[in-house]
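Notes follow the structure.
The values are calculated or read from the model by the stated rules, or taken from the named source; none is laboratory data. Because the structure is predicted, anything quoted here is derived from the model rather than measured. As a convention, Cβ positions derive from the backbone with ideal geometry for all residues, glycine included, and neighbour counts pool all protein chains shown.
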Amino acid sequence: MSSFSLRIATPDDAATLLMLVRGLAEYERAPGDVVATEGDYVRALSSSPPEMEALIAEADGAALGFALFFPTWSTWRGRPGIHLEDLFVIPEARGRGIGRALLSKVASIAVARGCARLEWQVLDWNEPAIGFYRALGARSLDEWTAMRLDGDALLAVATIARV
């Protein structure tokens, strides 16, 4: 099983994507944090325009990895971008160029769409991924700090703006 193919995910791939996302959560030491359902992926891939897009890497009918991404906008560049939310290859398929192929395909989609940038985040402890990305020419944005509102904090802030 040395060759593989990439294809765009469809709503029919919801269960496969969820399985791969759970594998990613396991790798990222957060297996209990996945609350998404198969229905969430069906809805996101079925909406018009899609809430997100995904590529699936497979060989002999078996899913080997995925890349999930969605559009962004650069106010400074005045052009769209793509945010790569997740890139994951199952452990037994690593080292075969699948991650590189997935990232390259997302980059080619960004170029074809006239995007100014392709961005993503990586956990600071994930040295193999950081090294992989740097070897491809990616640079870290160390001057930026990722911020997030979710759960009760998101709801509390949302109630402030009663305009």
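Give all pairs with beta carbons closer than 7 Å in which a residue from the range 74-94 that is within 15 Å of Ile109 (Cα to Cα) meets a residue that is assigned to a strand (DSSP E or B) and basic (Lys, Arg); count only pairs at least 6 apart in sequence or on separate chains.
Every condition considered, the pairs that remain are Gly81/Arg117.
So which residues in the range 19-44 are within 15 Å of Ala63 (Cβ to Cβ) and crowded, with 18+ Cβ neighbours inside 10 Å?
Passing the criteria: Leu20, Val21, Gly23, Leu24, Tyr41.
Among the numbered conditions (1) touching a residue at least 40 places away in the same chain (Cβ under 8 Å); (2) closer than 19 Å to Ile56 by Cβ, tell me where Ala110 comes up short.
Among (1) touching a residue at least 40 places away in the same chain (Cβ under 8 Å); (2) closer than 19 Å to Ile56 by Cβ, the lone unmet condition for Ala110 is (1).
If I filter the range 52-68 down to residues being surrounded by 18 or more Cβ atoms within 10 Å (Cβ to Cβ) and charged (D, E, K, R), which single residue comes out as farthest from Gly114 (Cα to Cα)?
The qualifying residue farthest from Gly114 (Cα to Cα) is Glu58.
Quick check on this structure: which one of Leu102, Leu123, Leu45, Leu68 is under 24 Å from Met19 (Cβ atoms) and touching a Phe, Trp or Tyr at 6+ places or on another chain (Cβ under 8 Å)?
Leu102
In the range 74-94, what residues are surrounded by fewer than 18 Cβ atoms within 10 Å (Cβ to Cβ), farther than 8 Å from Ala116 by Cα and touching a strand residue (DSSP E or B) at 6+ places or on another chain (Cβ under 9 Å)?
Once the filter is applied, which keeps residues that are surrounded by fewer than 18 Cβ atoms within 10 Å (Cβ to Cβ), farther than 8 Å from Ala116 by Cα and touching a strand residue (DSSP E or B) at 6+ places or on another chain (Cβ under 9 Å), the range 74-94 yields His83, Glu85, Glu92, Arg94.
For the range 7-61: of the residues being of a type outside the set (Val, Ile, Thr) and touching a residue at least 60 places away in the same chain (Cβ under 8 Å), which is farthest from Ala93 (Cα to Cα)?
Only one residue fits best here, namely Glu28.
Starting from the range 117-141, take each residue that is free of Cβ contacts under 8 Å to residues at least 60 places away in the same chain and list its partners that are in a helix (DSSP H, G or I) and not basic (Lys, Arg), counting only C-beta distances under 6 angstrom and pairs at least six apart or across chains.
Leu118/Ala107; Leu118/Ala110; Val122/Ala129; Val122/Ile130
Among the listed residues Pro71, Pro49, which satisfies the condition of being out of contact with any helix residue (DSSP H, G or I) (no Cβ under 9 Å at 6 or more places or on another chain), modelled with pLDDT under 95, farther than 18 Å from Ala129 by Cβ and surrounded by fewer than 18 Cβ atoms within 10 Å (Cβ to Cβ)?
One residue alone meets the criteria, Pro49.
Mind checking which residues of the range 132-163 are surrounded by 10 or more Cβ atoms within 10 Å (Cβ to Cβ) and not hydroxyl-bearing (Ser, Thr, Tyr)?
Within the range 132-163, Phe132, Arg134, Leu136, Ala138, Leu141, Leu149, Ala153, Leu154, Leu155, Ala156, Val157, Ala158 meet the criteria.
Pick from the range 1-18 the residues that are assigned to a helix (DSSP H, G or I) and of a type outside the set (Asp, Glu): which of them is surrounded by the most Cβ atoms within 10 Å (Cβ to Cβ)?
Top of the filtered list is Leu17.
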